[in-house]
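*Asks:* To start, I am sharing the structure in question, which I have written as structure tokens.
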Amino acid sequence: MSDPVTRRGFLKRAGLCLCAAAALPVGCNAQQQPKPAGKRPNVLFIAVDDLRPQLPCYGHEHIISPNIDRLAASSTTFNRAYCNVPTCGASRGSLLTGIRPIASKRFINNSRAEKQVPDALTLPMHFKNNGYHVISNGKIFHSKYDFADNWSEQPWRLFDYEDSKDWAVDKFDKLWLNPASTNIRNPKTKRGPFCESADVDDSATQDGKVAQKTIADIKRLSNSDKPFFIACGFWKPHLPFNSPKKYWDLYDPEKIALADNRNKPKNLPPQCRNSGEINAYSQVAGRKDTDAFHRQARHAYYACVSFIDAQIGRVLDELDKQGIADNTIVVLWGDHGWHLGEHTFWGKHNTLNNALRVPLIVHAPGSKAGKTDSLAELVDLYPTLCDLAKLDKPTHLQGDSLAPVLKDKSAAVKQAAFSVWGAGNAIKTDRYLYTQWQKNGKTVGQMLYDHRSDPDENTNIANLAENKQIVEKLRSQLKQKTQAIL
Ligand SMILES: [Ca+2]
């Protein structure tokens, strides 16, 4: 058994520099001499928590998100982007360090990335070292204390997960703005309802304040000699699905379609499970399989998406107001997918397509807009941003720059995307999504979906004799990748 969280263990397996003097400039968290900033582009780095790619720019016209669609219209939209681990903290830790997770060993939960890879040169630190003013607003790393000194200013947010035993209870009055919600608590956890529609202004909400802070920072930094890298992390549509009433009113609940595959995939292995996260809220127990719950949960999630879309619009408008949109790279990403009732699942935390696939939209000034089916992973964002800003790429990065895809939407920089969850290793190729669970070197579970014939993943075909060859090939690719990133 290896020890993923110690510095020595990580460096040994990752093959990273051990801070020998000659290797200092890249791969280690060391101060570099800032290079002249010149006319480097600004970066607006927008994270949307738990946002799945169910948006008009992804072909889902029933969602109302005009601002994200406006951004997509001048950007490269990645139709097949995947997170590397389907949970908030680990996904962000991997993305922001450029280092892949290892099943059950590295980036497995919400613990700080700095404890797992203490010598990693993070994305914000690399930009800071290269003359950028780097800001973290809202949820970027899972905790604002993680790699906190890698930013130019103290990371900003209203409250942090690490400041209380249960943030949702401790900050109840900041999360639930409808006074009635305080009387509708989960008897075990004391959290409130899984959704609400309070009749409040956007500015009363946590995400409204993230937008306000980001707008103020854009104003403040737009005339600076330094380029900026502003990370702006919105909390919704993460649970609880709370948003101002006006966004609920955009949707007619009678017209909200429910999932048409409200049953477990055939031959589903026991290792692939539902997330228990939603059970911590009230108004869930005993209702999850009802039409009323499916409709209400989808309505609430869609309202959160429209609410965040409006905040994104305000932030994007500020780039225009300050006259810097033409020199600002904008990236919008979600940290993992979400099941909204498909397969009776609610949430993330497995390796089905709905939990792994994410929205990814990259706007680079001067690049032609369009959609691409090229495979992409969140671990690719760090090298991509280095290329777009013309910075050197640290040698420890384990993703691939997507810059060639921005130039040519048919370009492919990889043949597969890799994700992990628990002890499971998953590989997504052009056609298949395969997951293998191993124990003591033996396969104890597997699932294979053919996205060409079964895009909704209703039948696991891993154990069919006719698929033996493809399963062997995918296992071989998984083994090769897993060994390469140790
Ligand atoms: Ca998340």
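Computed from the coordinates by the stated procedures, all read-outs in this text should not be read as laboratory data. Everything numeric here is computed off the predicted structure, so don't read it as measured data. Neighbour counts run over all protein chains shown; Cβ positions are idealised from the backbone, glycine included.
*Asks:* Sort 242-248, 450-456 for me by packing, meaning the mean count of neighbouring Cβ atoms within 10 Å per residue, highest on top.
*Replies:* Taking the mean over residues of other Cβ atoms within 10 Å, the ranking is 242-248, 450-456.
*Asks:* Just report the Cα centroid separation between the stretch 40-91 and the stretch 112-149, whole Å.
*Replies:* Distance between centres, Cα-based: 21 Å.
*Asks:* How many angstrom lie between the Cα centre of the stretch 288-309 and the Cα centre of the stretch 445-465?
*Replies:* Each part's Cα centre sits 28 Å from the other's.
*Asks:* Relative contact order for the stretch 147-224: what is it in percent, counting Cα pairs under 8 Å that are at least 6 residues apart?
*Replies:* Relative contact order, the stretch 147-224: 21 percent.
*Asks:* Let me ask something additional. Looking at the stretch 39-414, I'd like the Rg to Rh ratio, where Rg is from alpha-carbon atoms and Rh is Kirkwood's inverse mean 1/r.
*Replies:* 0.94
*Asks:* Something else about it: Which ³J(HN,Hα) values, rounded to whole Hz and listed in residue order, are derived for the stretch 283-294 from phi using the Karplus coefficients 6.51, -1.76 and 1.60 in 6.51 cos²θ - 1.76 cosθ + 1.60 with θ = phi - 60°, glycine and proline given as x?
*Replies:* Once θ is set to phi - 60°, the couplings for the stretch 283-294 become 6, 10, 3, x, 10, 4, 9, 8, 4, 4, 5, 4 Hz.
*Asks:* Non-local amide H neighbours of ILE329 (under 5 Å, H modeled in plane, Pro and chain starts lacking H): which ones?
*Replies:* Correct list: ASN42, VAL43, LEU44.
*Asks:* For the chain, give the magnitude of the charge dipole about the Cα centre (Cβ charges: +1 Lys/Arg, -1 Asp/Glu; no others), in debye to the nearest 20.
*Replies:* Computed about the Cα centre, the dipole is about 1360 debye.
*Asks:* On to the next question. Using a 10 Å cut-off on Cβ atoms, rank the peptides 50-61, 363-374, 415-426 from the highest mean neighbour count down.
*Replies:* Highest to lowest by the protection proxy: 415-426, 50-61, 363-374.
*Asks:* Given the C-alpha centroids of the stretch 263-282 and the stretch 191-257, what is the distance between them in whole angstrom?
*Replies:* 28
*Asks:* Name the residues of the stretch 193-236 whose amide N is less than 14 Å from a point 7 angstrom out from the Cα of PHE172 along the C-beta direction?
*Replies:* Under 14 Å, as judged by backbone N against the label point of PHE172, lie 193-194 of the stretch 193-236.
*Asks:* Also, I was wondering about something else. Show which lysines lie in cross-link reach of LYS174 when reach means a straight Cα distance below 25 angstrom and same-chain residues fewer than eight apart are skipped.
*Replies:* Cα-Cα hits under 25 Å: LYS139, LYS144, LYS165, LYS188, LYS190, LYS209, LYS213, LYS236, LYS245, LYS246, LYS348.
*Asks:* Is it possible to state the helix-based mean residue ellipticity at 222 nm for the chain, with each DSSP H run of 4+ residues giving -39500 (n - 2.57), the sum divided by total residues, to the nearest 500 deg cm²/dmol? What is it?
*Replies:* Rounded to the nearest 500, it is -7500 deg cm²/dmol.
*Asks:* A follow-up question, please. Please list, in order along the stretch 345-357, the HN-Hα scalar couplings obtained from phi with the Karplus expression 6.51 cos²θ - 1.76 cosθ + 1.60 (θ = phi - 60°), rounded to whole Hz, x for Gly and Pro.
*Replies:* After applying 6.51 cos²θ - 1.76 cosθ + 1.60, I find 8, 10, x, 10, 6, 7, 10, 7, 4, 5, 8, 9, 7 Hz.
*Asks:* At what distance in nm do the modelled label points of ALA73 and ASP320 sit from each other, each positioned 7 Å from its Cα along Cα→Cβ?
*Replies:* For the pair ALA73/ASP320, the computed spacing is 1.0 nm.
*Asks:* Rank PHE293, THR122, GLN283 by how far each Cα sits towards the positive end of the charge dipole of the chain (+1 on Lys, Arg Cβ; -1 on Asp, Glu Cβ) and give me just the farthest.
*Replies:* So the residue furthest toward the plus end is THR122.
*Asks:* Ordered by packing density, taken as the mean number of other Cβ atoms within 10 Å over each peptide's residues, highest first, how do 78-85, 157-164 rank?
*Replies:* 78-85, 157-164
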